[in-house]
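Student: To start, I am sharing the structure in question, which I have written as structure tokens.
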Amino acid sequence: DFYKGYEKIDLILIQLIFDEYLLEKRFSKDQFNEILHETLFKQKDILTKELRIIEKEKNGRILSSGYCNICKQCSRINNEECAFPDLKRNSVESIGGLVIKITKDLFDVEIKWIDDSGKLPEYLSILNAVMY
């Protein structure tokens, strides 16, 4: 049902590639989170702002990567209504998009995951979409 009303979907994949210096290091949880905020989350915010312009121009709908990051802590975690229902966007995976398959089949990119080792993966990926 979510896809009804849309004829097309543009998929956007961004890879954040880390240099050897960072890949060789092991980071504390706080350091790791700081790196993620300065790279992954910052780039995701930039992309979201750019896609909102396209969303409006095409009278479409953005699909984000992971959670929407509008709030510091999502109200839905506590079974509360969304604080910003007009701003929130579903993620590709939350409406049935097979992100691992999409990135592999369409972009020839394997998803790298963050684990508890304190080491960064070779790269991180952001997959967003605009339906219109």
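Values quoted throughout were computed directly from the atomic coordinates according to the rules given, and no laboratory measurement underlies them. In this text, all values refer to a predicted model and were calculated from it rather than measured experimentally. Because the Cβ atoms are built from the backbone with ideal geometry, glycine has one as well, and the counts that use them run over all protein chains shown.
Student: Under a plain spin-label model, where a point goes 7 Å from the Cα along Cα-to-Cβ, how far apart in nm are Ile95 and Glu80?
Tutor: For Ile95 paired with Glu80, the spin-label model returns 2.6 nm.
Student: With each label point set 7 Å from Cα along the Cα-Cβ vector, what nm distance links Leu87 and Ser117?
Tutor: 3.6
Student: While we're on this one: Spelling out what I want: for every residue of region 6-18, take phi, set θ = phi - 60°, compute 6.51 cos²θ - 1.76 cosθ + 1.60 (Karplus), and round to whole Hz; glycine and proline get x.
Tutor: Values per residue, Gly and Pro as x: 10, 9, 10, 9, 9, 9, 10, 10, 10, 10, 9, 9, 8 Hz.
Student: Specify the inter-centroid distance of region 1-64 and region 81-132, based on alpha-carbon positions, in whole Å.
Tutor: Each part reduced to its Cα centre gives a spacing of 8 Å.
Student: Let me ask you something else. For region 1-51: lysine pairs with Cα atoms under 29 Å, gap of 8 or more or different chains, count?
Tutor: So the count works out to 10.
Student: State the volume of the convex hull built on the alpha-carbon positions of the chain, expressed per residue in Å³ and rounded to an integer.
Tutor: 128
Student: Expressed as a rounded percentage, what relative contact order does region 1-131 have, with Cα pairs under 8 Å and six or more residues apart?
Tutor: Relative contact order of region 1-131: 46 percent.
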